[in-house]
Amino acid sequence: SEEVARVQADLSPTHPAWPLLTFKLARVYQHTRDIPKLKSTLQSLLSSAPNSPYTAEAQEMLARADRVGQVRGRTVGVLLPLTGKYKAFGEAVMRGIRLGLKGSDVELVVKDTQGDGTRSATAVEELVFNDGAVAAIGPLFIEDSKRAALVAQDLGLPLLTLTRSEDVTDIGPFVFRNMLTYSAQTQALVDWASKVMGYKSFAVLYPNTPYGVEMTNDFWDQVLAQGGAVRGAESYTSDQTTFT
């Protein structure tokens, strides 16, 4: 983008290549979600080369960019997997959200993410550019929450994620989390077992999934930190139905 900007700046707006380079630069700013530079670049293109082949698309891009920050105060987005293999999780959370908002005048705009990061990021853009959402709830899982959070931070949309990811809120001040992290859960469990029950020796039976492995590692670390010991650990497959 720096090279494109340098070459574009060296050319006169009357040069045949100037509209192409300027539009290319605008597309770069759109991709990086640098809204101020996107708008100023498009405005320059439209004023200096109003009859270029890129005029119609530039006008559409500028109109879309102008909608950033224009919100309808009671419109809240919801990002959940409502189809696909995670449908049951999304539907359960959706019932909770509707119950919590029962009797309010909040208007929900629901986006089906299917638990996919790309869909989640696109849904955040739609909420900002098309729906005027004042904030959004979701997504559920780690990767799609991070993808959505990056876009929400760039576009200034407050996002209340429902992920257990430890570092999702480090993305920026527009990103929040309303879910217990793995480490918070394991610390509470070990605190109770060690300090209240007085146990010092433990065993772990865990599913051989990323969730199970991460929880086991956190639990093990907490046990050792409190002077305990893990005497044994056994894993099982996530679809296993007998533990004999």
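Annotations for the structure displayed:
- Within the stretch 224-243, the set of residues being touching a strand residue (DSSP E or B) at 6+ places or on another chain (Cβ under 9 Å), among the small types (Gly, Ala, Ser), modelled with pLDDT of 90 or more and part of a loop (DSSP other than H, G, I, E, B) comprises just one member, Gly228.
- Scanning the stretch 47-62 for residues that are surrounded by 17 or more Cβ atoms within 10 Å (Cβ to Cβ) and outside any loop (DSSP other than H, G, I, E, B) gives Ala58, Met61, Leu62.
- Taken together, Asp131, Asp144 contain a single residue that is closer than 30 Å to Gln30 by Cβ, under 13 Å from the mean Cα position of the chain (by Cα) and among the acidic types (Asp, Glu), which is Asp144.
- Residues satisfying the stated conditions in the stretch 92-111, i.e. more than 22 Å from Arg67 (Cβ to Cβ) and surrounded by 16 or more Cβ atoms within 10 Å (Cβ to Cβ): Val93, Met94, Ile97
- Among the residues listed as Ala65, Ala26, the single one being under 26 Å from the mean Cα position of the chain (by Cα), at pLDDT below 90 and open to solvent by less than 30 Å² (accessible area, probe 1.4 Å): Ala65
- Residues that are open to solvent by less than 20 Å² (accessible area, probe 1.4 Å), more than 10 Å from the chain's Cα centre (by Cα) and not polar (S, T, N, Q) within the stretch 147-171 comprise Leu155, Leu157, listed in sequence order.
- Ser165 being assigned to a loop (DSSP other than H, G, I, E, B), hydroxyl-bearing (Ser, Thr, Tyr) and over 22 Å from Val71 (Cβ atoms): yes
- Figure legend. Inter-residue proximity from the stretch 199-210: first residues closer than 8 Å to Arg231 by Cα and at pLDDT 95 or above, second residues not in a loop (DSSP other than H, G, I, E, B) and not aliphatic (A, V, I, L, M), beta-carbon distance below 7 Å, spacing 6+ or different chains. Indicated pairs: Ser201/Arg231; Phe202/Arg231; Ala203/Arg231; Ala203/Gly232.
- Among the residues of the stretch 178-223, the ones that are assigned to a helix (DSSP H, G or I), under 20 Å from Thr163 (Cα atoms) and either of a type in the set (Lys, Arg) or open to solvent by 30 Å² or more (accessible area, probe 1.4 Å) (or both) come to 13 in all.
- Failed criterion for Thr237 (all others in (1) among the β-branched types (Val, Ile, Thr); (2) open to solvent by less than 30 Å² (accessible area, probe 1.4 Å); (3) without any contact (Cβ under 8 Å) to a residue 60 or more places away in the chain hold): (2)
- Hey, Ser1 within 26 Å of Leu150 (Cβ to Cβ) and either among the hydroxyl-bearing types (Ser, Thr, Tyr) or open to solvent by less than 90 Å² (accessible area, probe 1.4 Å) (or both) or not: yes
- Of all residues making up the stretch 112-145, the number that are part of a helix (DSSP H, G or I), open to solvent by 50 Å² or more (accessible area, probe 1.4 Å) and either touching a Leu at 6+ places or on another chain (Cβ under 6 Å) or within 24 Å of Ala65 (Cβ to Cβ) (or both): 4
The values are calculated or read from the model by the stated rules, or taken from the named source; none is laboratory data. Worth saying up front: this structure is predicted, and the values here are computed from it rather than measured. With ideal geometry, Cβ positions are generated from the backbone for all residues, glycine too; neighbour counts draw on all protein chains shown. Surface areas here come from the heavy atoms of the whole protein model, side chains and all, with no ligands, DNA or RNA. Shrake-Rupley method; radii C 1.70, N 1.55, O 1.52, S 1.80 Å.
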